[in-house]
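Q: The structure is given below, and queries will be raised subsequently.
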Amino acid sequence: SIEVQTEIDMATIDSIKIPRFILQPLLENSCEHGMLRDQSLHIRIHIHYDSKKFVIYVMDNGVGFAAESMARLNKIFAAPSSSNVVEGREENGKGIGLVNVNKRLKMRYGEEYGLTILDSAEHNSCIEVNIGRNVTIQQKV
């Protein structure tokens, strides 16, 4: 079974507009790679903002990231958005969705925004999403 819990700062509700297909690959990653057979997967999404950015945490109780994978992906995430996206793909195709999301965030909001995989004692996987606050996004529904 899969349980999703959301924690949203209510002051954020009216002011944040998340671009399409930003959270979906992160949730898919939790389900696809984090969930073990016969395990209940608990995904927590926490959204808040500070004076400069919106911060979204996607956390789960899955198997987590291997230290090597986490370091490799965080190095790619920190690289300029002009970097080659294919660098993020492992031989089995894993990682490309997260790299694509990171690149799209950097291109839309600036190089200081994007993804970071955090080493969390509380959760087995924790991905931090930083989105620019002072950018107006017009999106058709």
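Q: Cβ-Cβ under 6 Å, sequence separation 6+ or interchain: first residue in region 57-84 and in contact (Cβ under 8 Å) with a residue 40 or more places away in the chain, partner in a helix (DSSP H, G or I). Which pairs?
A: Qualifying pairs under 6 Å: Val58/Leu26; Asp60/Ser30; Asp60/Gly34; Gly62/Ser30; Gly62/Gly34; Val63/Gly34; Phe77/Asn102.
Q: Right, next: Residues of region 30-59 being open to solvent by 70 Å² or more (accessible area, probe 1.4 Å) and closer than 25 Å to Ile16 by Cβ, which ones?
A: Across region 30-59, the qualifying residues are His42, Ser51, Lys52.
Q: Exactly one of these conditions fails for Tyr57: (1) in contact with a Gly (Cβ under 9 Å, 6 or more places away or on another chain); (2) within 13 Å of Asn124 (Cα to Cα). Give me its number.
A: Unmet for Tyr57, out of (1) in contact with a Gly (Cβ under 9 Å, 6 or more places away or on another chain); (2) within 13 Å of Asn124 (Cα to Cα): (1).
Q: So, one more: Is it true that some residue in region 7-24 is under 15 Å from the mean Cα position of the chain (by Cα), at pLDDT 80 or above and assigned to a helix (DSSP H, G or I)?
A: Checked region 7-24: at least one residue is under 15 Å from the mean Cα position of the chain (by Cα), at pLDDT 80 or above and assigned to a helix (DSSP H, G or I).
The values are calculated or read from the model by the stated rules, or taken from the named source; none is laboratory data. Predicted, not measured: the structure shown is a model, and the values here were computed from it. Here Cβ is always computed from backbone atoms with ideal geometry, including for glycine, and neighbour counts include all displayed protein chains. When the accessible area is computed, the model is the full protein with side chains, heavy atoms only, and any ligands, DNA or RNA have been set aside. Shrake-Rupley method; radii C 1.70, N 1.55, O 1.52, S 1.80 Å.
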